[in-house]
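The values are calculated or read from the model by the stated rules, or taken from the named source; none is laboratory data. Note that this is a predicted model, so its numbers are computed, not measured. Because the Cβ atoms are built from the backbone with ideal geometry, glycine has one as well, and the counts that use them run over all protein chains shown. We work out accessible area using only protein heavy atoms, side chains counted, and drop any ligands, DNA or RNA first. Shrake-Rupley method; radii C 1.70, N 1.55, O 1.52, S 1.80 Å.
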Amino acid sequence: GAGGRAPGKASSKPRPAGRELRRAAVERLLRGAPAEVWLFDGGYRLYTRGREFDSRGCAFDKLEGVHKVRLERLAVTVEVQSVVTPDANRPQVINLSLMGARPQDLRAEALSEELRFLQVAMRDDAARRGGMVVKGRRLVNPCPSDPSEVALRHGRQLWLGYLANLEAIDDGLGLGARFSLSLNFSGSVALPEMSMIDLVAHILAEDWCRGRAFERPASFKYYRQLLDEVGYTWPSFISDKILRMLDSDAGLRKVRVQLTYGHERKSTVAGLTSAPASGTMFEFEGRNISVADYFEKTHGIRLRHPGLPCVDFGRRGNCVPLELVRVRGGEHNLMVGKLRPEYQAEVSRKTTIPPRERMALIEGFLTDRRWSPKDALEQKGSHMVTEMLHVQGCVLPTPVLHDRDRHQQVTVNRYANSVRAVAPPEYDVPWGLWSLTEDGKGELWSFAEAVRSAAAERGLRFAECSFVDWPQQAWRLRPGTASEMAQAAMREDLGALDFKGAPHALLFVLLPPRDSSQHVDMLYRALKTVSEAEFGTFTTQCANVPRERGGLDQAKRKLNNIMIKLTAKLPRTRAYGIGETSHTVRLREPHRLLRADTIVFGADVTHNAAGVSVAGVVATCGRDFATYFSEMRAQDPCVMGAEKQRSRRAEERIIHLNDMAEALLTRWRSANGGKLPETVLYYRDGVSDGQFKPVLTMERRHLLEAFRRVGGMGYEPKVVIIVGQKRHSTRLFLEEVGSVGRADGTGKGKEKGKGKGKGKGKSDWGYDGRRNQACRDFAKGRCSYGDRCRFSHEG
């Protein structure tokens, strides 16, 4: 490139090889060896078959050591080491014949390397034979049949493909493990290979179209022609606004590119110059020179479009004209993870299709020999069965909520203006009003009456307001005050409150809008911290008041929603027993487990909280399931390996679950007459498929330990562990549309399959208990997708 500093001497230190270079070096090292006797995962693992010999008579087991490989202008050093098993201290062997054992004799954890090998084989075959782009478990087709159908904003495209995952599943019925291949239809956002000028034309066309997708092709041709006509003058159609967009993440920045002159160099765009190549100057050989003149003098390249800007190749100041840069295709500009909002909406619209159509797309991948993993598996001796499995399903009745009037059904999320609490406090709630706004005394007393009136309409009895006041010390706090000083001021104000000897009371606090300044957030945090962590003798409820005229009137409109939150904060009786909680609605016909002595746990781990991870567990207080106890513990954010050394894997297990569960069970027993729960429902979030065994094995053991600590060796409640996930690898489809069984027995149901299954009556969908490993969860609405294939191995 040009610009920046003068070129320095080439470094003599070796550099780590990239993914493409590693693959090329391995292929060069093994040239002459048949492709079917070795397999490279593209990273750092090479599989070789037995003691095969290549065409030069060199055994694979003699490849260990350091090898020098020459690739065009690069000298590559390849070091080969055997993977040694830690227990037997011998080279690791992938024995696929073990997968052909009886299900009762299979141990899923002992076959993890075999499954990994087959996963690599599937990806390698799809990339070599089908031209698929591989990114982790994601395989996408980079050559859509109709580019206009998959065109997105800013020149990006939607590439369709599938997620493939091999796994061993224990069906839980004592029948042993089964192997399955999960295929999920997916879409990915990517950039196809093109010149950088083409990408600029796409972005200019998108800005002109203003979202009118049908005009993109014509506008692209128009702007591409305009760019071809650019000479030495800066083009008028590239305004400051367009330039800022081009120099952003939605434009050219972070795009992976390669140069089209000299030897092939690859890097990432760091930015865009605000001047053309003919006007971007830098010092070269003691004098100022433009980028356009530099390339003509140094490389003999006379630019066709010196009036266009330059990209910063790799770093700021390393300027390369647009016409000498090309966008890399394939996996290099494939977006993974969370998408930008401008892409997410369109991707969701194009990939959200009815379940039957999605199933047909997945089956199309299975039957198309270019992309199907079936051939790759058969080459390794594994045979895949693609028929859908039959499972039994049941349509559960929709939960019905009711308030004080049992005959009136409550509409979920739409009952704030009409509901009356089913279990309100059984006393007149003493309360007072604080204000941190500039409203007058009369306006605040009027608001207090509105609060009391709204409470009465929702079935709560509020006593006369004890006081309307401004907290003096908190009122004097200024923006930027330290949190310790804010808590001290709030502590002094709260200590002066007088609720006339009431054992429990309510403090209603009016605050300015929380989005107005950080000062309001500081006041809110100080109030909650001191009142809940130190005092605990009264409940606080905050409401934000808009600053404009009539702000209190707008706050009054929120009182119905506030009363729903407030009900569960107040004790049911004056004798403040935690098991006696107030609540607004109740299930009309609770499940039989909820009628018994049942406790519900909820657990999760959050990371990057002041350098540590925080594990939290909540547990219901009683049979109303409206209020919860809580426990938190800090823990190390990384998995501790041998000799207490940190590994790179995040610690997803709850290390102190036994202590937290013991504390929660003890509090539950105190709140429920000295009894312990008969059933424990343990809900766990944040556990992926690969973490099931390490996480849930330890946490189940911790739960059992907590049971023994609280109730002794004879206390053995029933335990159900339920894991909530955002991504599901298995989807179920109805065999016939509209044949869903009903819980009242009026409908006959069928499950999906290939013409198999008959209605069983009373919500049965056809069930094969020997193959229920596919029954993980049910498809929801239009977003259901996926397929599961069984496969077996003949050694």
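Somewhere in region 250-258, is a residue in contact (Cβ under 8 Å) with a residue 24 or more places away in the chain and on the phi > 0 side of the Ramachandran plot? Within region 250-258 (the criterion being in contact (Cβ under 8 Å) with a residue 24 or more places away in the chain and on the phi > 0 side of the Ramachandran plot), the answer is no, since none of the residues qualifies. The residues of region 529-541 that are under 34 Å from the mean Cα position of the chain (by Cα) and either more than 23 Å from ARG572 (Cβ to Cβ) or small (Gly, Ala, Ser) (or both), listed by number, are THR529, ALA533. For region 51-89, which positions are part of a loop (DSSP other than H, G, I, E, B) and either among the hydroxyl-bearing types (Ser, Thr, Tyr) or at pLDDT 75 or above (or both)? SER55, LEU63, GLU64, GLN81, SER82, VAL83, THR85 - these are the residues of region 51-89 that are part of a loop (DSSP other than H, G, I, E, B) and either among the hydroxyl-bearing types (Ser, Thr, Tyr) or at pLDDT 75 or above (or both).
When the criteria are applied in full, GLU342 meets the requirement of being open to solvent by 40 Å² or more (accessible area, probe 1.4 Å), on the phi < 0 side of the Ramachandran plot and in contact with a Leu (Cβ under 9 Å, 6 or more places away or on another chain).
When HIS390 is tested against (1) surrounded by 14 or more Cβ atoms within 10 Å (Cβ to Cβ); (2) within 30 Å of GLU114 (Cα to Cα); (3) modelled with pLDDT of 80 or more; (4) more than 29 Å from the chain's Cα centre (by Cα), only condition (3) is not met.
Every test in (1) modelled with pLDDT of 85 or more; (2) open to solvent by less than 20 Å² (accessible area, probe 1.4 Å) is passed by SER729 save one, and that test is (1).
One residue stands out among those in region 406-441 that are assigned to a loop (DSSP other than H, G, I, E, B), loosely packed, with under 12 Cβ neighbours inside 10 Å and touching a residue at least 12 places away in the same chain (Cβ under 8 Å): the one that is farthest from the chain's Cα centre (by Cα), which is ARG406.
Which residues, counting only those in region 366-385, are surrounded by fewer than 18 Cβ atoms within 10 Å (Cβ to Cβ), assigned to a loop (DSSP other than H, G, I, E, B) and not acidic (Asp, Glu)? Once the filter is applied, which keeps residues that are surrounded by fewer than 18 Cβ atoms within 10 Å (Cβ to Cβ), assigned to a loop (DSSP other than H, G, I, E, B) and not acidic (Asp, Glu), region 366-385 yields ARG369, ARG370, GLY381. The residue of region 634-654 that is modelled with the lowest pLDDT, among those that are in contact with a helix residue (DSSP H, G or I) (Cβ under 7 Å, 6 or more places away or on another chain) and either open to solvent by 50 Å² or more (accessible area, probe 1.4 Å) or among the charged types (D, E, K, R) (or both), is GLU652.
Let's see how each residue does on (1) over 30 Å from ASN413 (Cα atoms); (2) part of a helix (DSSP H, G or I); (3) free of Cβ contacts under 8 Å to residues at least 60 places away in the same chain; (4) touching a Cys at 6+ places or on another chain (Cβ under 7 Å):
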{"position": "ARG525", "(1), (2), (3), (4)": "no, yes, yes, no"}
{"position": "THR539", "(1), (2), (3), (4)": "no, no, yes, no"}
{"position": "ALA543", "(1), (2), (3), (4)": "no, no, yes, no"}
{"position": "ILE564", "(1), (2), (3), (4)": "no, yes, no, no"}
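Scanning region 668-695 for residues that are surrounded by 13 or more Cβ atoms within 10 Å (Cβ to Cβ), assigned to a helix (DSSP H, G or I) and over 34 Å from the mean Cα position of the chain (by Cα) yields ARG669, ALA671.
In region 487-503, the qualifying residues are those that are aliphatic (A, V, I, L, M) and modelled with pLDDT of 90 or more, and the one that is most open to solvent (accessible area, probe 1.4 Å) is ALA488.
Among the residues that make up region 297-315, is at least one of them in a helix (DSSP H, G or I) and open to solvent by 80 Å² or more (accessible area, probe 1.4 Å)? Checked against the condition, which is being in a helix (DSSP H, G or I) and open to solvent by 80 Å² or more (accessible area, probe 1.4 Å), region 297-315 yields at least one hit.
Scoring ALA250 on the criteria (1) at pLDDT below 90; (2) touching a Leu at 6+ places or on another chain (Cβ under 9 Å) leaves a single failure, condition (2).
Within region 281-293, residues that are more than 9 Å from ALA2 (Cα to Cα) sit with their Cβ atoms under 7 Å from residues that are surrounded by fewer than 12 Cβ atoms within 10 Å (Cβ to Cβ) and not aliphatic (A, V, I, L, M), at 6+ positions apart or across chains, in these pairs: MET281/ASN288. Which of the residues spanning region 543-560 are over 16 Å from GLU438 (Cα atoms) and surrounded by 13 or more Cβ atoms within 10 Å (Cβ to Cβ)? Result: LYS556, LYS558, LEU559, ASN560.
The residues on offer are ARG128, ARG116, and the sole one that is charged (D, E, K, R), within 26 Å of the chain's Cα centre (by Cα) and either modelled with pLDDT of 80 or more or part of a strand (DSSP E or B) (or both) is ARG116.
Quick grid of which residues meet (1) in contact with a Phe, Trp or Tyr (Cβ under 9 Å, 6 or more places away or on another chain); (2) β-branched (Val, Ile, Thr); (3) open to solvent by less than 30 Å² (accessible area, probe 1.4 Å):
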| position | (1), (2), (3) |
| --- | --- |
| ALA505 | yes, no, yes |
| PHE508 | yes, no, yes |
| LEU511 | yes, no, yes |
| HIS519 | no, no, no |
| SER531 | yes, no, yes |
| ILE564 | yes, yes, no |
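The selection criterion, being touching a strand residue (DSSP E or B) at 6+ places or on another chain (Cβ under 6 Å) and modelled with pLDDT under 80, holds for SER182. State all residues of region 218-252 that are among the polar types (S, T, N, Q) and either surrounded by fewer than 16 Cβ atoms within 10 Å (Cβ to Cβ) or in contact with a Gly (Cβ under 6 Å, 6 or more places away or on another chain) (or both); if no residue qualifies, say none. GLN225, THR233, SER236, SER239, SER248 - these are the residues of region 218-252 that are among the polar types (S, T, N, Q) and either surrounded by fewer than 16 Cβ atoms within 10 Å (Cβ to Cβ) or in contact with a Gly (Cβ under 6 Å, 6 or more places away or on another chain) (or both).
Of everything in region 185-205 that is open to solvent by 10 Å² or more (accessible area, probe 1.4 Å) and in contact with a Phe, Trp or Tyr (Cβ under 9 Å, 6 or more places away or on another chain), the residue that is modelled with the lowest pLDDT is PHE185. What about GLY271, is it in contact (Cβ under 8 Å) with a residue 24 or more places away in the chain, out of contact with any Phe, Trp or Tyr (no Cβ under 6 Å at 6 or more places or on another chain) and farther than 30 Å from LEU71 by Cα? Spelling it out, GLY271 is indeed in contact (Cβ under 8 Å) with a residue 24 or more places away in the chain, out of contact with any Phe, Trp or Tyr (no Cβ under 6 Å at 6 or more places or on another chain) and farther than 30 Å from LEU71 by Cα. Yes or no: GLU215 open to solvent by less than 50 Å² (accessible area, probe 1.4 Å), farther than 15 Å from ARG156 by Cα, among the charged types (D, E, K, R) and outside any loop (DSSP other than H, G, I, E, B)? So GLU215 passes the test.
Hey, any hits in region 240-248 for a residue that's part of a strand (DSSP E or B) and under 27 Å from ARG153 (Cβ atoms)? Scanning region 240-248, I find no residue that is part of a strand (DSSP E or B) and under 27 Å from ARG153 (Cβ atoms), so the answer is no.
For residues that are open to solvent by 20 Å² or more (accessible area, probe 1.4 Å) and in contact with a strand residue (DSSP E or B) (Cβ under 9 Å, 6 or more places away or on another chain), scanning just region 151-166, find the one that is modelled with the highest pLDDT. That would be GLN157. Just one of the listed residues (SER453, SER466) is buried (at least 16 other Cβ atoms within 10 Å of the Cβ), over 43 Å from the mean Cα position of the chain (by Cα) and not in a loop (DSSP other than H, G, I, E, B), and it is SER466.
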